[in-house]
Amino acid sequence: METAGKCNICKEVYTKRSVEVDEGEVVYVCEDCIETAKDNFIWICMCCGKTYIRPKGLVIARIKDLEIKRAYMLCEDMQIIQGIDMCVACSPERILDIMEAQYEAVEC
Ligand SMILES: [Zn+2]
Ligand SMILES: [Zn+2]
C-alpha cells in the first residue's frame, strides 16, 4: 500500500515520493523539492524538522579540505538530502561541529 505525506522540505505539498536520509529515517520530498535538490544541497533537521538549502557551488567553494571538497564535487550531479541530528535552531553552539561532521560523512 502506498502512503503519502506532506513534503518535509517545503511543507506545502502532499507527495508519495520519499527518500531515506538516514538509517531508517524517511522524509517525503515533492517533485519541486527534488528539482531544488539538483542545484542545492539540502539538510533536514531530524530534531525540529527545519530545512536548510544551500547552493552547491557556494558550499563547495567554501570547503577548504581538498578531500571533502572532492567528495562533494563528485556529488554535484546527484540529488542530496541529508538528515542532521540537530540544527542551529535546536543547538546554536553545536551546529558548527555538526556541519563539519556532515561534510566528513559524505560518501557517494
Ligand atoms: Zn516540497
Ligand atoms: Zn532543528
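Numbers below:
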| read-out | value |
| --- | --- |
| Yes/no for Gly24 being more than 14 Å from ligand 1 (Cβ to nearest atom) and small (Gly, Ala, Ser) | yes |
| Filter result (surrounded by 20 or more Cβ atoms within 10 Å (Cβ to Cβ) and not in a helix (DSSP H, G or I)) within the stretch 20-39 | Val21, Val27, Tyr28, Val29, Cys30 |
| Pair list, Cβ < 8 Å and 6+ apart or interchain, from the stretch 24-46 residues that are farther than 20 Å from Cys87 by Cβ to residues that are among the hydroxyl-bearing types (Ser, Thr, Tyr) and surrounded by 14 or more Cβ atoms within 10 Å (Cβ to Cβ) | Cys30/Thr15; Glu31/Thr15 |
| Matching option when the condition is modelled with pLDDT of 90 or more, within 13 Å of the chain's Cα centre (by Cα) and not small (Gly, Ala, Ser), among Thr36, Thr15 | Thr36 |
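The values are calculated or read from the model by the stated rules, or taken from the named source; none is laboratory data. In this text, all values refer to a predicted model and were calculated from it rather than measured experimentally. Cβ sites come from the backbone with ideal geometry, for glycine too, and all protein chains shown count toward neighbours.
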